[in-house]
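Q: Can you read through this structure? Questions will come right after.
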Amino acid sequence: MSAESLVAEARSQVDDVDLGPVHAWKRANPGGLAVGTMPIYVPRPLIEAVGALPVAIFGGGDQVDIIRGDSYFQSYICHIPRSTLELALGGRLDCLDAMIFPSICDVIRNLGGMWRLLFPEKLSVYLDLPQTFDLAVGGRFFAHELHRIASLLEAAGARPLNDEALVAAIRVENVRRAALERVDALRRAEPWRAPASEVYLLARLGGLLPAAEHTRWLEDYLTAAQGRAARPVDNVRVVLVGAFCEQPPLGLLRTLEKAGCDIIEDDLQLGLRTIEGPIDLREGEDPVFSLARSWIERGGATASRYIGDDEKGRALVERVRTLGADGVVFAAASFCDPALLDQPMQEAALARAKIPYTTLKFAENTGQFQVVREQAGAFSDAVKLWGIA
Amino acid sequence: MNVSVGIDLGSTTTKAVLLDEHGELVGRGITNSRSNYAAASAVARDEALTAARFSLIARALARVRGEAGGAARALIPDIEGAFRLELYRDELRYLGVRIERHLDNLTEAHLRAPLRGAAQAVLADMERTAPGLFLAGAQRKSDFFRDLAGAAFTAGSERESVDRQVSFERLVGLFDRAILDVEMRVPTRDFTVLLPEAVEHIRPQSAAHDPVRYALLSAAHEAANERIAEVAFAGTGYGRQTLPFPKEAVRSEILCHGRGAHRVFPGTRTVLDIGGQDTKAIQVDDIGVVTSFQMNDRCAAGCGRYLGYIADELNLGLHELGPLALRAQKIVRVNSTCTVFAGAELRERLALGERREDILAGLHRAILLRAMSLLARSGGVRSEFTFTGGVCKNPMATRLLRALVDEHYDSGLQLNIHPDSIFMGALGAAMYANDDLHAGRPSALRAQ
Amino acid sequence: MSQNQQAHLRVAKEPSQERQKRMIGDHFDRLASVADGTCDEKVVYTFVPGNLTELIGAFGMLPVLPEINALQSGMRQQSAGYIAEAEKSGHSEDVCTYVKCDLGMLKSGNVGPTGTRLPRPDLLLLSYTGCFTFMKWFELLREEYKCPVVMLHVPYQPDGVVTPAMRKYIVDQLETVVIPAMERIAGKKLDRDALSERLARSAQAEDDLVAVWESARHRPSPIDGYFGGVYYIGPIFSAFRGTEDAVAYYCELRAEVEGRIARGEGPTTPDGRLDDQRHRIVVEGPPNWTSFNEFWRMFSREHAVVVSSTYTRVGGLYDHGFRHDPKNPIETLADYCLGCYTNLGLPTRIDYIEQTIRTYEADGFLINSVKSCNSFSAGQLLILRELEKRTGVPGGFIESDLVDPRYFAKANIDNRLQSYFQMLDARRLRHAA
């Protein structure tokens, strides 16, 4: 299949607010649970290991009328909880047997509580990701959280967790990560062959599929994209930061690309990439603890994670330099506490390092890109002409 | 006749309703709120009192038996037309006086004469065509002097500015200034003169005995001489704190709207009111007492004002939006109802090549979606469902609301829309005033 | 004199209020003497929910609570300028105004609520309890102060249950991370006996505080559990829990309240004493600080008294039996942190409010939804519906902000409150008929 048709197919699945791929999986796996997960990070292998399908939920995008969702949220709250609730109250998430709400921010945390009240027949789990990065303290707590979730899933009808299944799931997950990294590498090296708007759709599709199946998609896309007859374009290379939970409309990514910005890295699908390198299994170690340890030791710097003794913004500056990026585009969802509170510190770090950046805000259902087009165009011109913004 | 007065001081229009001691509606008036709330409420009350005089004429004529009675009753609209024509002419004359005054104050002396000539020609033509606005069966787009005279003055200015080579903007600018003066004036009316005059106008004296004329004249005299005493007051609406009422007489608009809507449609359980500045979703019980309510948050997104901005952006009258939107072939998805971005949203869609009608349909839908959320917040939509406020006069809004209610609630649900729904708040207020009267504690107007 | 100050004087007539004022004044004087170098006590910045005041006190360190400073800036009409200052330096209009107010204050010379200068922190004790923004707040402060931060991650209670794993996680952090860090800064070992003594005094003050809360079951209620309540929680939620001063304050306060019960008196409001109480209200959500008295008047004018509020439980939920336990000093600190109101899952919060409405025989409950605080606000519309469904008591909903005056739309809020209270009246008439 051509890259274009793979992307088109990925898009139709990603855009399917009725979760067609999940229904398909459930038909093929009778009795298997589908477990919704909110951004940013829920360890998918744990869910796959108990025979369930982790389903990444990113709201309703720009194609859902919001009525009931708005009736539960004030205007100063971001958009993803409203569209997510709209989908659920409209029955579109009925195929999910459970939902996991990781500790991203207070809004998603409270959405978990709302879920318990609104859908008492479904399992609703809060996952408290530790903010203390001492293995014996935070690692142990995290491993305990994961065991607790596995037991809750078991009580809801999933298979009991066992070491072999988890080890196998982690290995499959590591294969997927490697494939995703190869796609990311192509995007970094030759973004005209694998533009961010395509890679985004391919990555996001993975949130709806078992890891093994996702790996096949990634491999197919990689082959197709490498074989493309595409020519280099003189664009600026940017890193997109801040859209790790509520997702911008695809139109925004394409607008940035058309305005001359190659997004060589982004945090849109952060969950799949938040641990650097493979999840590291150790002989004689509880594989649940391995999951916890990987996150503690090699979890990337995100706005929802306390930076510990590290310097704020250092990770971003280093990343920009390693990737040879020309600048950073901050794109936070309106009213996103983690992204917006983080941003001034990240900006300060970039300013100290003399890295150009520009800042914009969006909502998942933003319909106007005129301002983005002008802003991104001006940014890319400024960077190209003078190397500054 | 003793009347209880309810006043609803809204952001766009001010309404007054009069109830007699039996709670019967005897008069109501409406005017644009203008910059001066006190003047607006005085004018609305004056309008309502005028209407009450016509109620009295109708009551008097109801007692006249036989053919003459029927014929006389059939002429009431004509009398009212003739009466309103006189009021219109009176205001037109005052408008002319104020325009003269502003011309005198014009700094560019050389412009004075040509502008004066043009203005006088426009006004003369307005005077000439005025009867057409008020004859029986005449269709008026509005009852406000500002709108009627504004439309006529603009049309006349377009013509005269070309013929006389004067600036259209300068000419219309004269009107814009003078109308503010006209609106500050609260007219005083002598009904004992005006009402018989109106009868004379439509039924002049003839040689033969005319029982219809006789009946009309006696009814006009009776109505004009009846003392109408405003014995109890209640105020509500956006600007109600500025009304010269004691605190006890200031009623929440939520309670007033709920009660008014329930009176007009006694089966009402849910009320949606979309006004200029806010949207309200109200649940009432079987006797019209509010059991819960929700209002939009502090920004005016999704309220009538939003449509106002859109109308301004498109250079259209507010009343033209709905009919235009009805001509949509598809509904463009609009996700923002932010008034600040209304213009930008519209321009970008137009730039993308969308049809104006289709965008308008999308904008209407966006407002109705917000209203549906508010309804859901307040406890949902129950039958009967009564839609009130300025926006309920918009045919696209009502059509979309019906469709959304069918889709999200029950298609068998009774949806009530009343042509006079804009008076619901004032009606509810008048009912509260009447309650106070019967409980022996009427609120009087505070001296200003 | 501003209306605010007048009202302060009127509310501050009773001896307990005078005592509180003295306590706060003394505390800020001590802080000022650290700031100007005449005294060398160590200073710990920390947050109200999950504050470890006894621990800080046992080390002889002085706490500073940036939230309290921010709310005081709001009451003193300083916050708008501070917020503008922070927004000018790149902070989004969308985020918490406590944070922006605090950063603005810092950039404007760090003058505290009593007009004295605040010292720099020797330690930022990041008790991450019930509020995501706390974490970002101290990351931001660390950028400014370049001082050590120690994280105490308090797990959230999604099910209203404290599991042994949660408790152990906090105890482990305290023992292996927090206390060692504090020992390093203080230059001495933790005196566990001193800590226990403080905890015992905390429990004593907590008993009196709960008696004050529960006095609102009387008619007329001798207290206002929201507007008055924020004064009552002052000492125990800030620098004084576990001190002799706090014990004396709560003992005195309790006696005053009991006196009012005996005399059948209501609480003092900005407009005088409110004995004739027409509406008994429970309030969920923090108050607005920039128009605090104006907001209070919107209630008292309508003869509404607040019999209980959730905001006054953010620094600890004592009315369900929890008391600091001197016998288990570290575990009790863990339990205290876990039980703060905003650390409770939404279903638990609803259960709590439901029970409060019943206990205090409230006629209505009102939600003040503040833009700044998603921890409180996200989900409040569901709380509203659920409580109405369970109790049949009508709920009201208004929106404002903590310290950003741009979000206190007076006419709009007044309109809603009047509508709400008139609705309560109309419903009462209906039931009487």
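Q: Got a sec to turn the phi values of region B:227-240 into Karplus ³J(HN,Hα) couplings, 6.51 cos²θ - 1.76 cosθ + 1.60 with θ = phi - 60°, whole Hz, x for Gly and Pro?
A: Values per residue, Gly and Pro as x: 7, 9, 9, 7, 9, 8, 10, 8, x, 8, x, 3, x, 5 Hz.
Q: Just to be sure I understand: of the beta bridges DSSP finds with both ends in the protein assembly as shown, what percent are antiparallel, rounded to 5?
A: Details: 28 of 96 bridges.
If I count the DSSP bridges inside the protein assembly as shown, around 30 percent turn out antiparallel.
Q: Ok, one more. Taking H placed 1.01 Å from N in the peptide plane, check which residues at least 5 places from A:Ala363 or on another chain put their amide H under 5 Å from its amide H.
A: Hits under the 5 Å cutoff: A:Ser334.
Q: Same structure again: Once you average over the residues of C:340-353, how many Cβ atoms of partner chains fall within 10 Å of each Cβ?
A: 2
Q: For A:Val328, which sequence-distant residues (separation of 5 or more, or a different chain) have an amide H within less than 5 Å of its own amide H, given hydrogens modelled in the peptide plane?
A: Those lying under 5 Å, H to H, from A:Val328 are A:Val239, A:Tyr357, A:Thr358.
Q: Given the peptides B:112-122, A:278-288, arrange them by the average over their residues of other C-beta atoms within 10 Å, most packed first.
A: Put in order of decreasing packing, that is B:112-122, A:278-288.
Q: Could you sort out which of C:Lys42/C:Lys146; C:Lys100/C:Lys371; A:Lys361/C:Lys107 sit more than 18 Å apart by Cα distance in this structure?
A: Details: C:Lys42/C:Lys146 16 Å; C:Lys100/C:Lys371 13 Å; A:Lys361/C:Lys107 26 Å.
Flagged as over cut-off: A:Lys361/C:Lys107.
Q: Return the aspartates and glutamates within reach of C:Lys168: Cα separation strictly under 16 angstrom, same-chain partners fewer than 8 residues apart disregarded; answer none if there are no such residues.
A: Filter leaves A:Asp128, A:Asp134, A:Glu145, C:Glu331, C:Asp335.
Q: Using just the alpha carbons, could you tell me how many Å³ per residue the convex hull of region C:47-190 encloses?
A: That works out to 123 Å³ per residue.
Q: What accessible area, summed over both chains, is buried at the C-A interface (1.4 Å probe, Å², nearest 100)?
A: Rounded to the nearest hundred, the buried surface is 4500 Å².
Q: Semi-axes of the protein assembly as shown's equivalent ellipsoid from the Cα gyration tensor, sqrt of 5 times each eigenvalue, largest first, rounded to whole Å?
A: For the protein assembly as shown, the semi-axes come out at 60, 40, 29 Å.
Q: Which residue, C:Tyr250, C:Gly225, C:Met423, has the largest displacement toward the positive end of the dipole of region C:195-432 when charges sit on each Cβ (Lys, Arg +1; Asp, Glu -1)?
A: C:Met423
Q: Tell me, how many Å apart are the Cα centres for region C:332-373 and for region C:13-54?
A: About 28 Å separates the Cα centre of region C:332-373 from the one of region C:13-54.
Q: Taking H placed 1.01 Å from N in the peptide plane, check which residues at least 5 places from C:Ser127 or on another chain put their amide H under 5 Å from its amide H.
A: C:Phe47, C:Leu152
Q: If you count, for every residue in A:302-311, the Cβ atoms of partner chains within 10 Å of its Cβ, what is the mean?
A: Mean number of neighbouring Cβ atoms from other chains: 3.
Q: For the protein assembly as shown, with all protein chains present and a 1.4 Å probe, just round the carbon and sulfur fraction of the accessible area to a whole percent.
A: 51 percent
Q: For region C:91-104, what does the Karplus curve 6.51 cos²θ - 1.76 cosθ + 1.60, with θ = phi - 60°, yield as ³J(HN,Hα) per residue in whole Hz, taken in order and with x for Gly and Pro?
A: Each residue's phi maps through the Karplus curve to give 7, 5, 5, 6, 9, 3, 7, 4, 4, 5, 5, 5, 5, x Hz.
Q: In debye to the nearest 20, how big a dipole does chain C give about its Cα centre with +1 on each Lys and Arg Cβ and -1 on each Asp and Glu Cβ?
A: I would put it at about 580 debye.
Q: Still on this structure: Short version: ³J(HN,Hα) in whole Hz for each residue of region A:245-252, in order, from phi by Karplus 6.51 cos²θ - 1.76 cosθ + 1.60 (θ = phi - 60°), x for Gly and Pro, what are they?
A: Residue by residue, region A:245-252 yields 10, 4, 9, x, x, 4, x, 5 Hz.
Q: Take every DSSP beta bridge whose two residues both sit in chain B, then give the antiparallel share in percent to the nearest 5. Could the numbers behind the result be given before it?
A: On the way: 24 of 39 bridges.
Restricted to chain B, the bridges split so that about 60 percent are antiparallel.
Q: Could I ask something else about it? What net charge is computed for the residues neighbouring C:Val306, neighbours being all others with C-beta under 9 Å from the C-beta of C:Val306, Lys and Arg scored +1, Asp and Glu -1?
A: Net charge around C:Val306: 0.
Q: Compute log10 of I(q)/I(0) for region A:289-389 with the Debye formula, placing one identical point scatterer on every Cα and leaving out solvent, at q = 0.18 Å⁻¹, to two decimals.
A: -0.97
Q: Sticking with this one: Any idea what angle helix C:410-432 forms with the longest principal axis of chain C, computed on alpha-carbon atoms, 0 to 90 degrees, nearest 10?
A: Approximately 50 degrees, to the nearest 10.
Q: Still on this model: Could you work out the mean count of beta carbons from other protein chains within 10 Å of each residue's beta carbon in B:192-199?
A: 0
Q: Treating the beta-carbon of each Lys and Arg as +1 and of each Asp and Glu as -1, no other charges, what is the dipole magnitude of the protein assembly as shown about its Cα centre, to the nearest 20 debye? List each step's numbers first, then the result.
A: Details: 145 positive and 164 negative charges, 324 e Å.
With only Lys, Arg, Asp and Glu charged at Cβ, the dipole is about 1560 debye.
Q: Under a Cβ-only charge scheme (Lys and Arg +1, Asp and Glu -1), can you give me the dipole magnitude of region C:53-201 about the Cα centre, in debye to the nearest 20? Present the calculation step by step, with values, prior to reporting the outcome.
A: Values: 17 positive and 18 negative charges, 74 e Å.
In debye, rounded to 20, region C:53-201 gives about 360.
Q: Please list B:56-68, C:55-67 highest first by mean number of surrounding beta-carbon atoms within 10 Å per residue.
A: Result, highest mean Cβ count within 10 Å first: C:55-67, B:56-68.
The values are calculated or read from the model by the stated rules, or taken from the named source; none is laboratory data. Note that this is a predicted model, so its numbers are computed, not measured. Don't worry about glycine lacking a Cβ; one is built from the backbone with ideal geometry, like all the others, and counts go over all protein chains shown. Surface areas here come from the heavy atoms of the whole protein model, side chains and all, with no ligands, DNA or RNA. Shrake-Rupley method; radii C 1.70, N 1.55, O 1.52, S 1.80 Å.
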